[in-house]
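So the structure is just underneath, and the comments pick up after that.
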Amino acid sequence: MSNLIHALSYAAMRAVEFVLRLLPLRAVWSLGRALGLLAWALAGGYRALAVHNLRIAFGAQQSEAWIKAQAREHFAALFANLLCGIKLATMPTAAIEACVTVDGSEHLKAAIASGRPVLGLIAHLSCWEVLAQVPSYCSFGRRPGTIFQPLRNPYLNALLLRRRERQGYAVFSRRDGFGGPLAHLRQGDSLGVLMDQHAGDSGLWCPLFGRLASTTPVVAMMALRAKAQLLSLAVYDDGPARWRLVYRPISEADGVTEVPALTAALNRHLEVMIRHQPHAWFWVHSRWKTPRPRFLLGQVKRGIVMPEQGEALQPFEILLRSPNWLGDACMALPAVRAIARGRPDARVTVLGPEKLREFWQAQPEVAAYVGKADGDGPWKVANLLKQTAVKYEVGILFTHSPRSTLEMKLGPVRRLVGFPGKWRRRWLHQVVPEPKVNPRLPLHHAKRYLHLAMRLGAGSDAPELWGAPPAARNPQGQTLRVALCAGAEYGPAKRWPVQRYAQVARELHGRRGDLEFVLVGAPKEAALGAELSAVMGSQLPHCNEVGRTSLAQLIALLQGCHLLITNDTGTMHLAAALGLPTVSVFGSTEPLLTGPLGPQHVVLREQVPCSPCFKRECPFGHYDCLMRIEPALVVEAALRQLDGAA
């Protein structure tokens, strides 16, 4: 069946060629422009791609009206040049030369006079088929060569090869590697090469118009190994069915001796070629395509070339959907840090509940936060994202619900990425499989989030992802501050009794006189904080801040403490993220999944037959998993932690 399709396509191509042979070249040009404008009106996807690419290249200097006008003209010129390219293959060389004006001949003569092999940099500009049909434009007095990507249609591919070889070209397939073209150059011949900015995993990441693009390093490699003279050949529109061929020396490459630096220099020269006639470049190809699946660049093979001093990279906009709970957000923090470090051009925006704004805004890796109220529906959240006027290249979901997925699906996000979740796989552009784990050894939530970042191309699990170790917190003679968090919004199955917290405080104060206590917790736990304060009484130095602090104030308060004694709460995870040592009492939940990570944390739990049950309330009413943890255990653990802080 495929052979039949290829044969029919070949027959159609030859039929088009036959018809165009009968028409004057200028009529072919006019027909092509008309078809191009029709394509502009009908091909919405390609129209959007062209506008998107032009925004990347010129959005900072030109208006939206200018960009759309250039995109429209690009479609008209593209189709005109494509049809003319087919027509040129049927015309005599002298007739083609009559349609072309040549500029920069002095640069061509200088390249020939150098005595070195000449490597010509060609761009997808205007009717680049002109260069193929007039070999003298690319020969530089030597045998011309070209590298081509074989066509999928074997009949069309054979036709192309026959015509190129008949014109005297040495033709090299990309599939055969680059040994042949390099040998051709070393013989003193010439070679014309198209510069490719979508080289995938084999490319070198270099700026193009200030945006990182995977660029083939082969051109630079061949130029350096063959000690070739570099010259650019640019074809521009020069009126109806007329073209201008411009030779330019690549001054940006002067004195550059390393492949990465030379590749970046060639991209800078390509920008010069494009700016001369912006509409003429091939904008309907995704030059800045986001790689799949590893769009983060922490694991790239060939590396990244940063802009020259004084130049800035355009941001690669990443939108992260935060978990809804403070504790889960804290556990996602190492993954967020890995993502932010995954590319030098990453700009991270976090979307999440308004209550978490201060937490995320306190993280240096987060550039912006979009907060949503509890009652906001997906359409309202999508509108909030649109109001930011940012087009996000990717959206990464740390949540599982279809609702949170729909929020980003309806917003200005080009690619959605996440775990399969519940009923949402069909909405994701890229699905990351859940990590494979031993059912007897659960994977911690923080490491599960980090697995997501690593699968997207983030770097290795570096120690700094988990936060810096705590600074020395106890200058000589200073009173030690111990924070107590006796609440847990989840439910009673996570709350160690208030009376036991008070008993621990009394015993600690009795054994060490340099302590003062601060009670912390969520706004809904204000009554519990008042109860604990009353039980502790005025004899124990303490202040009750439960429900009285904003999240930013809680962060500042914890940063001034030396230890947190807590249940399994968001405050526990916040302290861990800040590097504050903790002693944590676990009841119905599993510390292997949600416990604080690191040697500065102590977890106390009693393994009873029914634990972990993950229930909010004990179905048996006796809360054995909590009640079996005696205050003496907490006191001893706290003293060891405090001795380390002293």
For segment 264-345, listing GluC sites (Glu not before Pro) in a DSSP loop whose Cβ sees at most 16 other Cβ atoms within 10 Å gives Glu308, Glu311
Under 28 Å between C-alpha atoms is the cut-off here; go through segment 316-466 and count lysine pairs that meet it, provided they're at least eight residues apart or on different chains.
26
Local electrostatic count at Val602 - Lys and Arg +1, Asp and Glu -1, tallied over other residues with Cβ under 15 Å
-3
Among DSSP beta bridges whose residues both lie in segment 316-466, state the antiparallel percentage, nearest 5.
0 percent
How much of the DSSP beta bridge set in segment 99-280 is antiparallel, as a percent to the nearest 5?
35 percent
Need the C-alpha centroid separation for segment 30-61 versus segment 231-301, integer Å.
19 Å
In terms of Cα to Cα distance under 13 Å, which aspartates and glutamates are near enough to Lys494, apart from those fewer than 8 places away along the same chain?
Asp568, Glu590, Glu606, Glu617, Asp624
Computed over the chain, the relative contact order (Cα-Cα under 8 Å, seq sep at least six) in percent reads 10 percent
Taking r as the C-beta separation of Gln299 and Leu639 and R0 as 60 Å, the FRET efficiency to the nearest 0.05 is 0.85
Which order do peptides 495-505, 362-372 fall in by mean Cβ count within 10 Å, highest first?
495-505, 362-372
Per-peptide average of other Cβ atoms within 10 Å, ordering 346-355, 327-336 highest first:
327-336, 346-355
Beta bridge orientation in the chain: antiparallel %, DSSP, nearest 5
15 percent
Mind listing which GluC sites (Glu not before Pro) in segment 575-646 are in a DSSP loop and have 15 or fewer other Cβ atoms within 10 Å?
Glu617
In whole Å, what is the distance between the alpha-carbon centres of segment 71-121 and segment 214-228?
23 Å
Taking the Cα of Asn383, stepping 7 Å toward and past its beta carbon, and measuring to each backbone N in segment 349-375: which are under 15 Å?
372-373, 375
Full-extension gain in nm, Ser173 to Thr90, via 0.36 nm per residue minus C-alpha separation
27.5 nm
Highest first, please rank the peptides 446-459, 563-576, 232-245, 377-390 by the mean number of other Cβ atoms sitting within 10 Å of their residues.
563-576, 446-459, 232-245, 377-390
Neighbourhood charge, 13 Å Cβ-Cβ cut-off, centred on Trp281 and excluding it, Lys, Arg +1 and Asp, Glu -1:
-1
Report, to the nearest 10°, how far helix 378-387 tilts away from the longest principal axis of the Cα atoms in the chain, using its own Cα long axis and a range of 0 to 90°.
60 degrees
Sorting Cys561, Val432, Leu333 by the position of each Cα along the dipole of the chain (Lys, Arg +1; Asp, Glu -1; all at Cβ), the one nearest the positive end of that ordering is Val432
Can you give me the Cα centroid spacing of segment 153-175 and segment 354-374 in angstrom?
57 Å
Against the longest alpha carbon principal axis of the chain, how many degrees, from 0 to 90 and to the nearest 10, is the axis of helix 25-42 turned?
20 degrees
Using a cut-off of 12 Å between beta-carbons, work out the net charge of the residues near Ile318 (Lys and Arg +1, Asp and Glu -1, Ile318 not included).
+3
Each label sits 7 Å from Cα toward the beta-carbon; between Gln309 and Asp461 the label points are separated, in nm, by 4.0 nm
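Taken together, the values in this text are just the output of simple stated rules run on the coordinates, not laboratory data. What you are looking at is a predicted structure, and each value in this text was computed from that prediction instead of being measured. Because the Cβ atoms are built from the backbone with ideal geometry, glycine has one as well, and the counts that use them run over all protein chains shown.
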